[in-house]
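Worksheet: one structure, shown below.
The values are calculated or read from the model by the stated rules, or taken from the named source; none is laboratory data. Please read all numbers here as calculations on a predicted model, not as lab measurements. Don't worry about glycine lacking a Cβ; one is built from the backbone with ideal geometry, like all the others, and counts go over all protein chains shown.
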C-alpha cells in the first residue's frame, strides 16, 4: 500500500483537475512544468528531448547546430506530418529522428488506426512529429483513415510533410498516384512546397548491376513523377523548387562511419542529412499549412449556391414569369 500525505494528495488532486480541464477543451492551452514535462497543445505531453543524447557526438553536434539555425529564424515550434502507405517505415523513421522508441513498431502487427503526435523540447524549440496510419486498404485509398487524420490535425499547423515510401520498390503505379492525389485534395497543392520524399530501406544492393547512385536517381525520378501527376504540379511550377528526396535506413544493420554515425552505402550520415533537409524546407519552402475547418470540409456549398441565385431569378423572370404573363394577356385578348 502506498500512503500519501494530505498535502501531496491536494497537489495530486489539483493536477488531476487541471489535466481534466485540458482534456475537456482541446482548444484550451495549459502548460505545466514538472520534472521536465509539459502539457500544451491540448492534452499533448511534451517531454525534454533526452533521446538526442543517445546519438553519437558528431550527430548531436550537427542536430544542435540545425536547431540553433531554426531558433535564429524565430522558429520555436516545428511540426512534421508523416504520411504514406502502410508498411513503408513511417513509425520507424519517427523513432529514428527522436532517438527513442516513441511509437510502437511491430513486423507482425498492422499500424495503429489513429495518428500519434510525439512532442519533444530542446534548446527552446518544440519538435512535434505526427505519425499517421497507412493510406491504403485493400488496394484502394482508405478514405476513412484520411478523414481520421484530417480531424486529428484540425487547428494544427503543418510545417513539413514527410511523404514516406521504400527505396527497394522498383515500380510505381496508379495507386501511388491516387495516394498523392488524396493528400493533395485534403491539404491543398501548397503542402508540397513544404514537402519532401523519404525513401526507407536504403541499405540495399541495386539490381541489374546498377550503381547505387544510378538506382537512387532512377527511383527518385519515378517517385517525383508520381508526386507531380498526383498533385497536379506543372513542370514550370517545379523549376527551381524541386521536392527533395532523402534516403533513410532504420534497421539495426545500417553501416556506421568512424564517428559511429549511421551511414548510407554512399557514405552519407543519414540522420543529420534528413534533419538538415527538413530545416532547409522550413527556411526555403512556402507558408506553413494551417489545417482549419474550411481546409478539411472544403468551401461551403451553400455559399457557392448563393452566387447562382441572381442568375436563377433572372432566368425565371425573363423565361418563365414573362412568358406566363404573355399567355395570360393573350387569353384575355381572345376572350
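Annotations
- Entry remark, region 119-138: residues being surrounded by 21 or more Cβ atoms within 10 Å (Cβ to Cβ) and assigned to a loop (DSSP other than H, G, I, E, B) number 3 in total.
- Flag if residue 42 is modelled with pLDDT of 90 or more, outside any helix (DSSP H, G or I) and under 26 Å from residue 183 (Cβ atoms): no
- Residue match in region 92-104 (condition: closer than 30 Å to residue 226 by Cα and surrounded by fewer than 14 Cβ atoms within 10 Å (Cβ to Cβ)): yes
- If the condition is being part of a loop (DSSP other than H, G, I, E, B) and surrounded by 12 or more Cβ atoms within 10 Å (Cβ to Cβ), then region 206-221 contributes 206, 210.
- Test result for residue 181, out of contact with any helix residue (DSSP H, G or I) (no Cβ under 8 Å at 6 or more places or on another chain), closer than 26 Å to residue 79 by Cβ and either surrounded by 15 or more Cβ atoms within 10 Å (Cβ to Cβ) or modelled with pLDDT of 95 or more (or both): no
- Of the criteria (1) under 12 Å from the mean Cα position of the chain (by Cα); (2) over 21 Å from residue 277 (Cα atoms), which one residue 172 fails: (1)
- When 112, 87 are checked against the criterion of being modelled with pLDDT under 95, under 22 Å from the mean Cα position of the chain (by Cα) and either at positive phi or assigned to a strand (DSSP E or B) (or both), 87 stands alone in meeting it.
- Screening residue 186 with (1) closer than 14 Å to residue 83 by Cβ; (2) at pLDDT below 95; (3) in contact with a strand residue (DSSP E or B) (Cβ under 7 Å, 6 or more places away or on another chain); (4) assigned to a helix (DSSP H, G or I) gives one miss only, at (3).
- Taking every residue in region 136-151 that is over 18 Å from residue 82 (Cβ atoms) and pairing it with any residue that is part of a helix (DSSP H, G or I) and at pLDDT 95 or above, at least 6 positions away or on another chain, the pairs with Cβ-Cβ distances below 9 Å are 139/175; 140/175; 140/178; 143/182.
- Given (1) in contact with a helix residue (DSSP H, G or I) (Cβ under 7 Å, 6 or more places away or on another chain); (2) touching a residue at least 12 places away in the same chain (Cβ under 8 Å); (3) more than 22 Å from residue 69 (Cβ to Cβ), index of the condition residue 285 fails: (3)
- Screening region 241-334 for helices (runs of 4 or more DSSP H) wholly inside it with 1 or more residues that are modelled with pLDDT of 95 or more and under 20 Å from the mean Cα position of the chain (by Cα) returns the ranges 270-284.
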